[in-house]
Structures are given as structure tokens and as C-alpha cells.
Amino acid sequence: SSRYWLGVDPLGRDIFSRLVWGARISLAAGFGSVALGAVIGTVLGLLAGYFEGWWDRIIMRICDVMLSFPSILVALMISGVGRSLFPHAPDMLAFVVLVLAIALTGWVQYARTVRGSTLVERNKEYVQAARVIGVGSLRIMRRHVLPNVLGPVLVLATIQIASAIITEATLSFLGVGVPATSPSLGTLIRN
């Protein structure tokens, strides 16, 4: 009808308003998990690429292990364990666990991308000049290398937002995402 554009569900709730509200929840989960994963991956990628040596080997082996498991399976396990340990947790805690689960599976792509870009940037003349005049490693990474590796990170983050929203919807559809009382896209599909 003209009042309910998409109709109502069996309980008489407007589907369109629930869809808009559910998109808000799914977008928040997508942006939050991508932001957290990008921060973790960028920091670890900078450390691995700039210092090389044992930092690089340890971080990249952790990345290899994380890449050997499907991300949806890891997120499903983390969310499921969180749900089983805290069955009566408040909705906000369940949302935070969901964001953490998605972020912990998504940081690997950022770490590998930033590491590759940092390996290129650390050998450029401006970084060598900063080393020669005595600038510390952390300042070089923060002021010189990081701004030059953020381009690929932003491109990857744009792509990862869609993937994070799909992961959130999948986990909610399976019953381990946001609580059933929250109308995220996955719970709307399940209902």
C-alpha cells in the first residue's frame, strides 16, 4: 500500500522501516570491523615491512596461518564461542563481539598490502635522508612511510566494507551475529 511500501510482516511491523534500520546496523558492523581490521593490519604491516628480520617472519607466518582458514569459518567460530560463553549478554556486547570477529579475520589483507608498500617506500631517498639526519624509526614510519602507504589501504578498505557487511549478514542469518531482536539484514532474511 502507499503507507507500507514493502508490506508488513506477520506481526504487523513495517518491512521498509525494519530494512532501513537493519541496514544501519549492518553498515555500522561493516564500517567498525573494517576500521579495526585496517588499524591492526596497517600497524603490523608497517612493523613487518620497515624492520624486516624476525618481525617480518613472525607477522607474515601469522598471516599465512590466518589465510589458511576461511574467514567466515573463523568469524563463525569466534561469534559462536562468544554466544555460548555469554548467552544472556546485552545486545551491545554481542555487537562488539561480532565486530571483533569480523575484524580479526580481515586484518591480514591490510598487513600484507602495507608490508609490500612499506618495503618499497623504506628504500626511497627521502626515507634514507631522514635516517641520515638522525630521525628515529617510529617517526619515519609515522611521518614519511605511513602517508605513502595509505592509498592502497583506502582502496582495500572500500572493498572490504562490502565483504564485512556480507559476513555480518551471514552470521546473523545463521543465528550467531547480532541478537534476533535486532533487525539486521541477516536476521531479516532469516525471518
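The values are calculated or read from the model by the stated rules, or taken from the named source; none is laboratory data. Since this is a predicted model, take the numbers as computed values, not measurements. With ideal geometry, Cβ positions are generated from the backbone for all residues, glycine too; neighbour counts draw on all protein chains shown. For accessibility, only protein heavy atoms count, side chains too; no ligands or nucleic acids. Shrake-Rupley method; radii C 1.70, N 1.55, O 1.52, S 1.80 Å.
For every residue, the table says whether it meets (1) in a helix (DSSP H, G or I); (2) farther than 27 Å from Ala180 by Cβ; (3) open to solvent by less than 80 Å² (accessible area, probe 1.4 Å).
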{"residue": "Arg3", "(1), (2), (3)": "no, no, no"}
{"residue": "Arg24", "(1), (2), (3)": "yes, no, no"}
{"residue": "Phe31", "(1), (2), (3)": "yes, no, no"}
{"residue": "Val108", "(1), (2), (3)": "yes, yes, yes"}
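Scanning region 37-47 for residues that are closer than 9 Å to Val114 by Cα and of a type outside the set (Ser, Thr, Tyr) yields Gly41, Val43, Leu44, Gly45, Leu46.
Within region 96-112, residues that are among the β-branched types (Val, Ile, Thr) and at pLDDT 90 or above reach partners that are open to solvent by less than 10 Å² (accessible area, probe 1.4 Å) and in a helix (DSSP H, G or I) with beta carbons closer than 9 Å, at six or more positions or on different chains, in the pairs Val108/Gly37; Val108/Gly41; Val108/Cys63. Out of everything in region 110-145 that is under 25 Å from Phe31 (Cβ atoms) and among the hydrophobic types (A, V, I, L, M, F, W, C), what residue ends up being surrounded by the most Cβ atoms within 10 Å (Cβ to Cβ)? The extreme case among them is Val114.
Residue count for region 146-165 under the criterion of being under 30 Å from Thr187 (Cβ atoms) and open to solvent by less than 50 Å² (accessible area, probe 1.4 Å): the result is 6. Residues that are among the β-branched types (Val, Ile, Thr) and in contact (Cβ under 8 Å) with a residue 24 or more places away in the chain do occur in region 118-138, at least one of them.
A count restricted to region 48-90 and to residues that are hydroxyl-bearing (Ser, Thr, Tyr), without any contact (Cβ under 8 Å) to a residue 12 or more places away in the chain and in contact with a helix residue (DSSP H, G or I) (Cβ under 6 Å, 6 or more places away or on another chain) stands at 0. Would you check if there is a residue in region 56-76 being open to solvent by 50 Å² or more (accessible area, probe 1.4 Å), of a type in the set (Phe, Trp, Tyr), modelled with pLDDT of 85 or more and at negative phi? Within region 56-76 (the criterion being open to solvent by 50 Å² or more (accessible area, probe 1.4 Å), of a type in the set (Phe, Trp, Tyr), modelled with pLDDT of 85 or more and at negative phi), the answer is yes, since at least one residue qualifies.
In this structure, does Glu168 turn out to be open to solvent by less than 20 Å² (accessible area, probe 1.4 Å) and among the acidic types (Asp, Glu)?
The answer is yes for Glu168.
Taken as a whole, the structure leaves Ile102 outside the set of residues that are of a type in the set (A, V, I, L, M), over 16 Å from Gly32 (Cα atoms) and assigned to a helix (DSSP H, G or I).
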